[in-house]
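Chemist: Below is a structure I'd like to ask you about.
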Amino acid sequence: MIQPEFQQTRWTLDDLLPAHEGPELEHILAELERQVAQFEASRERLSPDIGQDEFLDLMRLYEVIYVKLVRLGGYAQLWFSEDTQSQAALGFLGRMEQLSTDVQNRTLFFSLWWKGLDDEPARRLVAASGDYAYYLESLRRFTPYTLSEPEERIINLKDVNGPHALVKLYQMITNRFSFRLEVDGETREMTRDELAAYVRDPSPEVRAAAYRELFHVYGDQAAVLAQIYNHLVRDWASENVTLRGIASPIAVRNLGNDIPDPVVDTLLDVCRKNMPIFHRYFRLKARWLGVERLRRYDIYAPVRAADKTYPYPEAVDMVLTSLDRFSPALADHARRVFVDGHVDSEIRPGKRGGAFCAGVLPGVAPWVLVNYVGKTDHVFTLAHELGHAVHALMAGHHSALTFHSALPLAETASVFSEMLLNDRMLAQEDDPAVRRDLLARVFDNAYATVARQAYFVLFELKAHKHAVAGATADDLSALYMDNLREHFGDAVELSDDFRWEWIAIPHIYQTPFYCYAYSFGQLLVLALYRQYRQEGASFVPRYLKILAHGGSHSPDHIISQAGFDMASPDFWQGGFDVLRGFLEELEAL
Ligand SMILES: [Zn+2]
């Protein structure tokens, strides 16, 4: 029997807000106004010798205000995601963004005061601030780069209609794209997600056609999309490097991630050095496919001729069972996301593409959006997003300011869930051909997560440098092709249409340099997974502890508690060694 909560449906946002208008919203807005006014009134109490209790009271009020903003903002974002063409959702989103900006501006004095405070009183207050400590310490990381209050206000105001507006335009333009592909002699119109499924099609012609159509549609708008990118990148540099004095564009992200620049350099360097592992895999895959050399179109080709599909309820069950075998507590958290109706798994026109998990408030089941079509990959996406949800719920006892894990650790639980699902699927398969297929999928995935994402960041490093110096769309595309040539070496045949791939990657528009967090997370998980295989059950509580930290400590602290040193190239190499193990298993099959 199929449980009703495991049907493929739309989500409900009721746990955030019953409606986008009406008494509940008015009540929240009125209370927010009262609390913000109260917070503003406390301004004169701020001094280096403020009492610890008084300071803690202020932090609590600050958190209450923050919770209201993320509740309203979360509702607006999620509503817009489920229907990006809705004028009402767009209007509400705009209104909430404006509200959030206003509140941020009215409360800005607090973080500015905090960032400008001398070290000694700051240390005293951090020591007394309990769960807020790491949040407060994190704010001070930006102290040397913070401008005066009027300058910060201007930046906030101009951002709404500047870079934020550019990102929104990018989303509106690209979410409206529709793609035409001939499947079984019939031309069909489809969304990007539906099209993306065909890059894994058994037919080499269909795979190539899917990529060509993708880049044809994006390429038609290349001038506009590249121009949007150029503006975003220049704004990033003029604000962060020129005005704030941060050392480099990527250092902005590293500072936010609390990862020292050299650690990221080491990570990217180790990824580059290990590309031969992937080249070896691509040559193996070419043999399986019976071709001389893999084309870029064939990177995700299935190694079986047939591709199995999984009905949605079965996929949900597989994911929950794989979590349950590792830790029943994790499975309970994941189940709750379904029971609370927080999963949007349908395919609908206008719905945002891809997948995400939004952990809005501590202790409230996160919202998970997937576009479930039923391929093996979509089952793993479900495991991935539920991993995020489980991570947020494991950290649900922290404050709203500290329960979100820092970006580089944000992919730990998600990728680990995929590994657990893979284990379970392998355990149920005796057929060597199917086992080979599953192992190859792990490798395909590790490639897409580790190497591909690292190379996006390597591209961004160059693109940010050249865009500021006046690079055109064609210059950036040429840079991208250079990047791809290094990436694939002579193991893969590259065609020119891939020069527009970068304008089809939302992350590099929305969150510059975000992508190394995927490489970081996947390699970390591979290292953790090796530990689990060696250690067995005693590993489980150590792992759960990592998740339960949420974002209440630095990544360094959390990782070193698990016994790893992220400054060491050997640490990252360890993740690749697991991959090499998989590859040798595959070569032997
Ligand atoms: Zn993720």
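Chemist: Taking amide H positions as placed in the peptide plane 1.01 Å from N, state which residues far from Glu429 in sequence (5 or more) or on other chains have amide H under 5 Å from it.
Modeler: Close amide H contacts, sequence-distant or interchain: none at all.
Chemist: With θ taken as phi - 60° and the coefficients 6.51, -1.76 and 1.60, list the Karplus ³J(HN,Hα) couplings across region 452-468 in order, rounded to whole Hz; mark glycine and proline as x.
Modeler: 4, 5, 4, 6, 4, 5, 4, 5, 4, 3, 6, 4, 4, 5, 7, 4, 5
Chemist: In whole Å, what three semi-axes, largest first, describe the equivalent ellipsoid of region 256-378 built from its Cα gyration tensor (square root of 5 times each eigenvalue)?
Modeler: With the √(5λ) rule applied to region 256-378, the semi-axes are 33, 25, 16 Å.
Chemist: In whole angstrom, note down how far apart the Cα centers of region 240-273 and region 202-223 are.
Modeler: Taking the Cα centre of each part, region 240-273 and region 202-223 sit 33 Å apart.
Chemist: Next question, about the same structure. How large is ³J(HN,Hα), in whole Hz, for each residue of region 208-223 in order, when computed from phi with the Karplus curve 6.51 cos²θ - 1.76 cosθ + 1.60 and θ = phi - 60°, using x for Gly and Pro?
Modeler: 5, 5, 5, 5, 4, 5, 4, 7, 5, 5, 5, x, 4, 9, 4, 4
Chemist: Round to a whole angstrom and tell me the spacing of the C-alpha centers of region 384-438 and region 148-177.
Modeler: 32
Chemist: Here's something else I'd like to know. Report the per residue volume, in Å³, of the convex hull enclosing the C-alpha atoms of region 109-233.
Modeler: Dividing the Cα hull volume of region 109-233 by its residue count gives 167 Å³.
Chemist: Per residue of region 500-513, in order, report the coupling 6.51 cos²θ - 1.76 cosθ + 1.60 (Karplus, θ = phi - 60°) as ³J(HN,Hα) in whole Hz, putting x for Gly and Pro.
Modeler: Each residue's phi maps through the Karplus curve to give 9, 4, 5, 6, 9, 10, x, 4, 6, 7, 7, 9, x, 6 Hz.
Chemist: Below 8 Å between Cα atoms, with a sequence gap of 6+, how large is the relative contact order for the chain in percent?
Modeler: Value for the chain: 18 percent.
Chemist: Please state the relative contact order of region 439-589 as a whole percent: Cα pairs under 8 Å, 6+ residues apart?
Modeler: This gives 29 percent for region 439-589.
Chemist: Among DSSP beta bridges lying fully in the chain, give the percent that are antiparallel, nearest 5.
Modeler: Around 70 percent antiparallel, to the nearest 5.
Chemist: Give me the percent relative contact order of region 354-477, please, defined on Cα pairs under 8 angstrom at least 6 residues apart. Write down the numbers at each step before the final one.
Modeler: Details: 108 pairs, mean separation 22.3, N = 124.
Relative contact order, region 354-477: 18 percent.
Chemist: Work through the residues other than Glu239 whose Cβ is under 14 Å from its Cβ and net out their charges, Lys, Arg +1 and Asp, Glu -1.
Modeler: In short, +1.
Chemist: Loop only by DSSP, 12 or fewer other Cβ within 10 Å of the Cβ. Give me the GluC sites (Glu not before Pro) in region 158-196 that pass, ordered by residue number.
Modeler: Within region 158-196, no GluC sites (Glu not before Pro) qualify (loop, at most 12 other Cβ atoms within 10 Å).
Chemist: Could you tell me how many cubic angstrom of Cα convex hull volume the chain has per residue? If you can, show how the numbers build up before the last one.
Modeler: On the way: hull volume 90.4 nm³, N = 589.
Spelled out: Cα convex hull of the chain, divided by residues, is 153 Å³.
Chemist: What does the helix-only formula give at 222 nm for the chain: each DSSP H stretch with n ≥ 4 adding -39500 (n - 2.57), the total divided by the residues, and the result rounded to the nearest 500 deg cm²/dmol?
Modeler: Details: 25 runs with 371 residues, N = 589.
The per-residue figure over the chain is -20500 deg cm²/dmol.
Chemist: Going by amide H atoms built from the backbone, whose H comes under 5 Å of the H on Arg295, apart from near neighbours?
Modeler: Under 5 Å from the amide H of Arg295: Glu493.
Chemist: Hey, another quick one. Determine, for the chain, the count of lysine pairs separated by eight or more sequence positions (or lying on different chains) whose alpha-carbon distance falls under 21 Å.
Modeler: Lysine pairs meeting both conditions in the chain amount to 8.
Chemist: If you filter region 1-62 for GluC sites (Glu not before Pro), then keep DSSP loop positions with at most 13 other Cβ within 10 Å, what is left?
Modeler: Glu21
Every read-out reported here was derived from the displayed coordinates using simple, explicitly stated rules and does not represent laboratory data. Worth saying up front: this structure is predicted, and the values here are computed from it rather than measured. Methodologically, a virtual Cβ is constructed for each residue, glycine included, from the backbone with ideal geometry; neighbour enumeration extends over all protein chains shown.
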